[in-house]
Amino acid sequence: MTPSSSLYSTRIQNQVVHLVLRQWSLPVHGSTCLRGVLPPQGGDEAVCVAVGRKDACAPDLNVYEVPLIQDGIVIDADEVVGIVRVAQTADPFYRTFYRDDEGDLTQMPSLVLDLLDIRGDRRPAASAPEATPSPDDRVLLVGVLPLAPGRHRLYWSSGDWPGIIASDVENSGSPEALRTVAARALPDAHRAQPSKDPYCWRIAPLLAS
């Protein structure tokens, strides 16, 4: 992964988070709703979108991993949500909900959606758009996941860190409250501790506002 494609993927992950927050708990197909976004494991050029029933929380969610750059094809945030929507009407395997009775996030699988299988032929792009770092790129929100009613885990990425840092937040659980927290909160990276969550490097408290 080149620096420019890595930054492009991080930006798209950030855009998908805010797109999902605007459509929080809205159906993508039948009673299946958008419930969260996760950064990919292993630093791949991808984004993971969690779906489930309207009030579902981890681990009672299904997680789709959508490649962002595949065979020269570049995907944007709107297309990521579109691919997940199409997947809901695809093979029943992709609509099988996962449940871990012990609530262990390490057991939550990602089902990789092959872009070309889901979307068919598309116009290829030569490469990912060039990305120029700016102050706004230092810390970007790349994930949000409901852990329990009114409790969410937020995930951030920064070029200054070797991995993703996450923080748990408590709020009313309303879409408006969650969007407000997501827009303002940042992790206290200096107090980050090792994490067992496979989607992040460390867990940290939020910076005092």
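The values are calculated or read from the model by the stated rules, or taken from the named source; none is laboratory data. These numbers come from a predicted model, not from an experiment. When we count neighbours, we look across all protein chains shown, and the Cβ atoms used for this are built from the backbone with ideal geometry, even at glycine. Ligands, DNA and RNA are excluded from the accessible area calculation, which covers all protein heavy atoms including side chains. Shrake-Rupley method; radii C 1.70, N 1.55, O 1.52, S 1.80 Å.
For the reader, a short list of remarks on this structure follows.
- All strands (runs of 3 or more DSSP E) inside the stretch 10-73 with 3 or more residues being open to solvent by less than 20 Å² (accessible area, probe 1.4 Å): 32-38, 46-52, 62-67
- Scanning the stretch 171-209 for residues that are out of contact with any helix residue (DSSP H, G or I) (no Cβ under 8 Å at 6 or more places or on another chain), outside any strand (DSSP E or B) and hydrophobic (A, V, I, L, M, F, W, C) gives ALA177, VAL181, ALA183, ALA185, LEU186, ALA189, ALA192, CYS200, TRP201, LEU207, ALA208.
- The residues in the stretch 160-190 that are open to solvent by less than 40 Å² (accessible area, probe 1.4 Å), touching a Leu at 6+ places or on another chain (Cβ under 9 Å) and under 18 Å from TRP24 (Cβ atoms) can be counted, and the count is 6.
- Taking each residue of the stretch 160-172 that is under 16 Å from ASP44 (Cα atoms) and free of Cβ contacts under 8 Å to residues at least 40 places away in the same chain and looking for partners that are open to solvent by 20 Å² or more (accessible area, probe 1.4 Å) and among the hydrophobic types (A, V, I, L, M, F, W, C) with beta-carbon atoms closer than 9 Å, six or more apart or interchain, yields PRO162/TRP201; GLY163/TRP201.
- Inter-residue pairs, beta-carbon under 7 Å, first without any contact (Cβ under 8 Å) to a residue 40 or more places away in the chain and in the stretch 138-153, second of a type in the set (Ser, Thr, Tyr), 6+ apart: ARG138/SER158; GLY150/SER172
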